[in-house]
């Protein structure tokens, strides 16, 4: 009996510790010519445990030998003690597969709309410690470069305004758009540091699981009713 109580208390303490743990996330997005990547680093307990992942950027590359499109991407995953790189190449990407990917994306967005309340409630517990977004852009025409620069300033301001309605900004975001008139050029770097308690993510995850179970039950019930009427 004493062993069971000890195990039960240990589990409860572990759940409390994990729920109270603050997860720090550092997101870096960079685009400059062929060097495109998104890097995400997760840290807890003052960096004692950390995990870094480099999210792949999909690139469509046309093979000059057979005029077929290749879908290529690179993935880098590293922890505190090790780092590994994976290279993947997918050949013969057909138009049907592209249409299927777009269809799946639309279906996912429809489901996300139903999850907005859960996501909004979770986002209220996210705090952004810093946000830096710097862009350099230029086209051949100087006038169009100026127009494009102004448009990007407006778009960034609109994005920050929408972001501030969902999550808490602890500092004023650092935004910058630099026009380059010498030659066509695009470069952007966005770095965001945020944190939240893991307990809020667990609660949101449980709510999402319950939501999906409800949707699955509705589908099964609808299928059973349709089958009954058809009989």
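The values are calculated or read from the model by the stated rules, or taken from the named source; none is laboratory data. What you are looking at is a predicted structure, and each value in this text was computed from that prediction instead of being measured. Note: ideal-geometry Cβ built from the backbone for every residue, glycine included; neighbour counts use all protein chains shown.
Overview of results
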read-out	value
Flag if residue 151 is touching a strand residue (DSSP E or B) at 6+ places or on another chain (Cβ under 8 Å), more than 19 Å from residue 27 (Cβ to Cβ) and outside the structural domain of residue 46 (by TED's automatic domain parsing)	no
Odd one out for residue 194, checked against (1) in contact (Cβ under 8 Å) with a residue 40 or more places away in the chain; (2) part of a helix (DSSP H, G or I); (3) surrounded by 16 or more Cβ atoms within 10 Å (Cβ to Cβ)	(2)
Strands (runs of 3 or more DSSP E) within region 1-58 that include 3 or more residues free of Cβ contacts under 8 Å to residues at least 40 places away in the same chain, within 18 Å of residue 194 (Cα to Cα) and in contact with a strand residue (DSSP E or B) (Cβ under 6 Å, 6 or more places away or on another chain)	35-44, 49-55
Members of region 117-137 that are in a strand (DSSP E or B) and free of Cβ contacts under 8 Å to residues at least 24 places away in the same chain	none
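Listed here are the residues, each with its yes/no results for (1) out of contact with any strand residue (DSSP E or B) (no Cβ under 9 Å at 6 or more places or on another chain); (2) in the same structural domain as residue 45 (by TED's automatic domain parsing); (3) at pLDDT below 75.
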site	(1), (2), (3)
81	yes, yes, yes
127	no, no, no
140	yes, no, no
166	yes, no, no
